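Colleague: Here it is, the structure in full.
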């Protein structure tokens with residue numbers, strides 16, 4: 001008994017430490033999960049439900065009638081147009097910037113990397129103001145544009161420019177870390193096998209980043225359609241001409257046309273949900289591909305039939 | 001000549017990766033570039049491939065089969081390059097990886113669909129992976145991936161095959177199998193090949209000729225036997241295989257190198273000169289009594305009898321531990337135990353003196369000892 005006396009407390013301590021650690025972990029876990037779920041519910045789910053209830057308050061017929069309005073249609077059309085220009089432009093820019101940053105060493109590389117993040121750091125309203133200062137009638141290029149009868153501010157070009165500014169980090173930011181991780185050995189291999197730079201890009205580089213690219217485009221598109229601040233500054237809010245969907249929602253709301261406002265808002269919300277679904281699908285597909293790859297490797301090595 | 005490299009220099013910023021390197025590789029030869037990391041071997045390989053451009057210099061040049069290719073871009077050089085980490089196209093199947101080089105050919109020279117199919121399948125057979133054609137690189141083991149990379153490089157029928165540490169990322173057993181397999185493959189195909197390695201055993205076993213590099217220079221070129229038994233300088237001696245080094249000085253025709261005393265008639269002057277003697281572990285005889293040979297006492301510290309040769313670690317008191325290799329029979333005959341005092345006599349000593357004099361072989365009690373003088377070339381380091 002004397003001999004084990006010295007050992008017993010050690011055992012007791014051993015057993016009790018993990019138990020209390022586990023207990024603490026469980027307690028923390030529930031607090032964290034509960035907290036975040038509660039927060040999400042309060043801040044995201046409830047408003048989302050509110051949007052759809054408000055939109056459908058007058059019944060399905062009134063809801064659909066809100067889209068028959070010419071201004072609403074113009075707003076939807078404009079938003080689609082802006083996204084159709086801004087997203088491909090950012091796609092090209094993003095791939096170019098990511099390629100340059102990930103595969104080459106050049107002077108000013110860190111400056112470019114920082115600049116790409118600028119739109120994330122700057123308030124969208126400021127982004128819009130930059131274009132007003134540049135292209136507005138009192139701005140640097142405004143008088144020259146007016147002379148040539150071209151309008152940028154309070155017109156579609158301004159909206160497209162502001163949207164592009166706000167959304168340009170999305171594609172590049174998705175691609176840069178991936179391309180850096182992948183390195184350029186595969187490209188070098190392709191070149192040594194006789195591929196031209198163009199073949200190398202289409203056959204090796206692009207397929208290697210396609211999932212990240214798609215992911216970036218989805219996020220970019222969501223932001224392009226939903227942008228309010230920057231667009232609001234440059235658009236001029238001309239009904240039927242320079243109103244995008246988010247701006248149209250605000251106007252309808254200010255006019256106490258709640259059903260109309262929420263109906264258009266519900267479209268934006270649906271777009272967000274569709275984007276999330278697409279994003280999850282992309283992620284899921286990407287993971288599934290990776291999993292099937294490693295699973296097949298595991299099975300092939302396990303059965304031992306493969307000669308090394 | 002298969003490959004000819006003339007006076008190539010390459011600097012990265014302030015770092016000189018290659019200093020005026022010239023090298024000839026015969027048609028159909030398999031040459032190893034051997035050296036420690038930072039010796040410039042990979043840079044030389046990448047310059048041959050065209051993945052790196054050498055510094056512009058008077059008289060520099062690069063020739064494949066006597067054609068000047070220094071100004072050709074990688075894609076027009078007709079090289080097969082195998083990367084250490086395989087660099088397989090991860091989104092393509094094994095088949096597509098091997099077919100890549102054929103598919104990107106301009107339409108005029110591109111083989112037909114059927115020809116590509118046949119060529120790829122025969123290459124996959126050659127590397128014993130024909131059953132894996134549909135797999136993706138992530139589904140293969142390291143050894144299999146490297147074989148796919150080799151098949152891919154061979155698909156374009158390269159003029160020269162360049163391999164950058166091809167087995168560096170593989171585990172020991174696979175590495176051994178694959179390098180023997182590469183040797184057999186080369187005997188079959190006879191493509192002019194250069195491979196880079198830092199593993200001296202790999203270089204000595206696989207290559208027709210070994211090019212030893214250090215600090216951006218070629219130190220020695222020769223057959224495995226030549227570089228191993230007749231090293232050009234201390235670096236090669238040290239780098240190829242285990243070796244015991246004795247530091248000391250020579251004066252009045254006698255060399256005192258730690259516990260080792262030798263005659264050295266080449267330096268009879270009373271002016272002392274620093275010298276180093278190199279003895280390989282298997283060139284040391286171990287006995288339990290002084291047997292009349294020049295010898296010095298040492299204490300057995302550790303005995304490792306795992307393997308065909310017994311590895312002894314000995315201490316001589318003031319020096320770093322000494323390594324000796326003896327046969328298992330000798331171990332049992334002498335009945336060695338840790339702590340025992342033994343008498344060590346070198347069978348073959350290679351001595352390098354810090355003096356610019358011609359190399360000479362001297363000192364023979366009854367066996368030859370090589371004394372070599374430090375070549376002045378290395379003084380510039």
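The values are calculated or read from the model by the stated rules, or taken from the named source; none is laboratory data. Everything numeric in this text was worked out from a predicted model, so none of it was measured. All Cβ positions, glycine included, derive from the backbone under ideal geometry; neighbour counts span all protein chains shown.
Colleague: Can you tell which of A:144, A:198, A:140 is within 12 Å of chain B (Cβ to nearest Cβ), surrounded by fewer than 17 Cβ atoms within 10 Å (Cβ to Cβ) and on the phi < 0 side of the Ramachandran plot? Explain how you work it out, then say what you get.
Modeller: Working: A:144 fails: within 12 Å of chain B (Cβ to nearest Cβ); A:140 fails: within 12 Å of chain B (Cβ to nearest Cβ).
Selected residue: A:198, the only one of A:144, A:198, A:140 that is within 12 Å of chain B (Cβ to nearest Cβ), surrounded by fewer than 17 Cβ atoms within 10 Å (Cβ to Cβ) and on the phi < 0 side of the Ramachandran plot.
Residue-wise test of (1) modelled with pLDDT under 85; (2) not in a strand (DSSP E or B).
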residue: B:205; (1), (2): no, yes
residue: B:212; (1), (2): no, no
residue: B:226; (1), (2): no, yes
residue: B:238; (1), (2): no, yes
residue: B:266; (1), (2): yes, yes
residue: B:290; (1), (2): yes, yes
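Colleague: Could you tell me whether segment A:156-165 includes any residue that is surrounded by 18 or more Cβ atoms within 10 Å (Cβ to Cβ), out of contact with any strand residue (DSSP E or B) (no Cβ under 6 Å at 6 or more places or on another chain) and within 14 Å of chain B (Cβ to nearest Cβ)?
Modeller: no
Colleague: Hey, does segment B:17-25 have a residue that's outside any loop (DSSP other than H, G, I, E, B), on the phi > 0 side of the Ramachandran plot and touching a strand residue (DSSP E or B) at 6+ places or on another chain (Cβ under 9 Å)?
Modeller: Residues of segment B:17-25 outside any loop (DSSP other than H, G, I, E, B): B:17-25.
Pick out the ones that are also on the phi > 0 side of the Ramachandran plot and you get B:20.
Those still in the list that are touching a strand residue (DSSP E or B) at 6+ places or on another chain (Cβ under 9 Å) too: B:20.
Scanning segment B:17-25, I find at least one residue that is outside any loop (DSSP other than H, G, I, E, B), on the phi > 0 side of the Ramachandran plot and touching a strand residue (DSSP E or B) at 6+ places or on another chain (Cβ under 9 Å), so the answer is yes.
Colleague: Taking residue B:319 as the residue in question, decide whether it is modelled with pLDDT of 90 or more and buried (at least 17 other Cβ atoms within 10 Å of the Cβ). Reasoning before the result, please.
Modeller: Values: modelled with pLDDT of 90 or more: no; buried (at least 17 other Cβ atoms within 10 Å of the Cβ): yes.
No, not satisfied.
Colleague: Now for a different question. Given (1) touching a residue at least 12 places away in the same chain (Cβ under 8 Å); (2) within 28 Å of residue B:43 (Cβ to Cβ), identify the lone condition not met by residue B:134.
Modeller: (2)
Colleague: Which ranges mark the helices (runs of 4 or more DSSP H) fully within segment A:1-55 that have 1 or more residues being modelled with pLDDT under 50? Before the answer, list the steps.
Modeller: Details: elements: A:2-5, A:8-40, A:46-55.
It comes to A:2-5, A:8-40.
Colleague: With the structure loaded, tell me whether residue A:191 is surrounded by fewer than 16 Cβ atoms within 10 Å (Cβ to Cβ), in contact with a helix residue (DSSP H, G or I) (Cβ under 8 Å, 6 or more places away or on another chain) and under 30 Å from residue B:156 (Cα atoms) or whether it fails that test.
Modeller: Numbers: surrounded by fewer than 16 Cβ atoms within 10 Å (Cβ to Cβ): no; in contact with a helix residue (DSSP H, G or I) (Cβ under 8 Å, 6 or more places away or on another chain): yes; under 30 Å from residue B:156 (Cα atoms): yes.
When the stated conditions are applied, residue A:191 does not pass them.
Colleague: Sticking with this one: Identify all residues within segment B:47-60 that are on the phi < 0 side of the Ramachandran plot and touching a helix residue (DSSP H, G or I) at 6+ places or on another chain (Cβ under 9 Å); write none if there are none. Before you say what the answer is, go through the steps one by one.
Modeller: Initial filter on segment B:47-60 (on the phi < 0 side of the Ramachandran plot): B:47-49, B:51-58, B:60.
Matches in segment B:47-60: B:49, B:51, B:52, B:53, B:54.
A quick yes/no check of all residues on (1) farther than 21 Å from residue A:239 by Cα; (2) assigned by TED's automatic domain parsing to the domain that holds residue A:261; (3) surrounded by fewer than 19 Cβ atoms within 10 Å (Cβ to Cβ); (4) more than 20 Å from the chain's Cα centre (by Cα):
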{"residue": "A:66", "(1), (2), (3), (4)": "no, yes, no, yes"}
{"residue": "A:70", "(1), (2), (3), (4)": "no, yes, yes, yes"}
{"residue": "A:73", "(1), (2), (3), (4)": "no, yes, yes, yes"}
{"residue": "A:80", "(1), (2), (3), (4)": "no, yes, yes, no"}
{"residue": "A:87", "(1), (2), (3), (4)": "yes, yes, no, no"}
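Colleague: Sort out for me the helices (runs of 4 or more DSSP H) sitting completely within segment A:151-253 that have 3 or more residues that are more than 30 Å from residue A:71 (Cβ to Cβ). Break it down into steps so the answer makes sense when it comes.
Modeller: On the way: elements: A:156-167, A:169-182, A:185-192, A:197-200, A:206-226, A:229-235.
Answer list for segment A:151-253: A:169-182, A:185-192, A:197-200, A:206-226.
Colleague: Hey, another quick one. Taking segment B:165-180 on its own, how many of its residues are within 30 Å of residue B:1 (Cβ to Cβ) and either surrounded by fewer than 18 Cβ atoms within 10 Å (Cβ to Cβ) or within 10 Å of another protein chain (Cβ to nearest Cβ) (or both)?
Modeller: To start, the set of residues in segment B:165-180 that are within 30 Å of residue B:1 (Cβ to Cβ) comprises B:165-168, B:178-180.
Restricting the remaining residues to those that are either surrounded by fewer than 18 Cβ atoms within 10 Å (Cβ to Cβ) or within 10 Å of another protein chain (Cβ to nearest Cβ) (or both) gives B:168, B:178, B:180.
Final tally of qualifying residues: 3.
Colleague: Hey, can you tell me all the residues within segment B:235-268 that are under 16 Å from residue B:320 (Cβ atoms), touching a helix residue (DSSP H, G or I) at 6+ places or on another chain (Cβ under 8 Å) and surrounded by fewer than 20 Cβ atoms within 10 Å (Cβ to Cβ)?
Modeller: The initial filter retains those residues of segment B:235-268 that are under 16 Å from residue B:320 (Cβ atoms), namely B:238, B:242-248, B:257-260.
Now drop any that are not touching a helix residue (DSSP H, G or I) at 6+ places or on another chain (Cβ under 8 Å), which leaves B:242-245.
Matches in segment B:235-268: B:242, B:243, B:245.
Colleague: Still on this structure, I have one more. From the list B:212, B:191, B:196, B:120, which one is under 30 Å from residue B:348 (Cβ atoms), crowded, with 20+ Cβ neighbours inside 10 Å and in contact (Cβ under 8 Å) with a residue 24 or more places away in the chain? Talk me through it step by step, then tell me what you get.
Modeller: Details: B:191 fails: under 30 Å from residue B:348 (Cβ atoms); B:196 fails: under 30 Å from residue B:348 (Cβ atoms); B:120 fails: under 30 Å from residue B:348 (Cβ atoms).
Checking each option against the conditions leaves just B:212.
Colleague: Enumerate the pairs (first residue in segment B:275-294 and free of Cβ contacts under 8 Å to residues at least 60 places away in the same chain; second residue anywhere and assigned to a loop (DSSP other than H, G, I, E, B)) with beta-carbon separation below 6 Å, excluding pairs fewer than 6 apart on the same chain, so at least 6 apart or on different chains.
Modeller: B:281/B:242
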